[in-house]
Amino acid sequence: QVQLMDSGGGLVQAGGSLRLSCAASGSIFSFDAMGWFRQAPGKQRELVALSSGGSTNYADSVKGRFTISRDDAKNTVYLQMNSLKPEDTAVYYCYVRRGLAYWGQGTQVTVSS
């Protein structure tokens, strides 16, 4: 069983930055995919960034602004979000896969205009 703890969300003005963290209960070496999804009110959950097989894919809407990274010593995955826009407002969920998919509890990001 994998447990994930998302954190780092908050309220920020447009143009600002936030860094989300996802702390895993075990070694992140064992995961074959790691990433972040988001869900805005009234919308479906969508991919933000996903790392798998040595490559990373970003949603077109966040390319050049968001960066996924990892700290293996801390078993933590990060999402650095820069130049935030009001349309980035959503609950952000950490995602990992080790055979099965596991989700964090979500962290709210609100970007004011």
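How about the stretch 1-46: which chymotrypsin sites (Phe, Trp or Tyr not before Pro) there are in a DSSP loop, with at most 11 other Cβ atoms within 10 Å of their Cβ?
Taking the stretch 1-46 and a limit of 11 other Cβ atoms within 10 Å, no loop chymotrypsin sites (Phe, Trp or Tyr not before Pro) are found.
What's the Kirkwood radius of the stretch 1-67 in Å, using all Cα pairs?
Averaging 1/r across every pair of different Cα atoms and inverting gives 13.7 Å.
Estimate the FRET efficiency between GLN3 and ASN82 by the formula 1/(1 + (r/R0)^6), using the beta-carbon distance for r and 30 Å for R0, to the nearest 0.05.
0.55
Looking only at the chain, where both bridge partners belong to it, what percent of the DSSP beta bridges are antiparallel (to the nearest 5)?
Counting only bridges with both partners in the chain, antiparallel ones make up about 90 percent.
Using a Gaussian network model on the chain with a 10 Å cutoff between Cα atoms, which of SER30, SER55, SER17 fluctuates the most?
SER55
Just subtract the alpha-carbon distance of TRP103 and SER61 from 0.36 nm times their residue separation and send over the number in nm, one decimal.
Extending this stretch completely gives an extra 12.9 nm.
Compute a Gaussian network model of the chain, connecting alpha carbons closer than 10 Å, and tell me which residue from GLN13, GLN80, GLN44 fluctuates the most.
GLN44
Taking every pair of distinct Cα atoms and averaging 1/r, then inverting, what Kirkwood hydrodynamic radius in Å comes out for the chain?
One decimal place: 13.9 Å for the Kirkwood radius.
Readers should treat all values here as calculations from the given coordinates under stated rules, not as data from a laboratory. Keep in mind it's a predicted model, so treat the numbers as computed, not measured. So basically every Cβ, Gly included, is an ideal-geometry build from the backbone, and we count neighbours across all protein chains shown.
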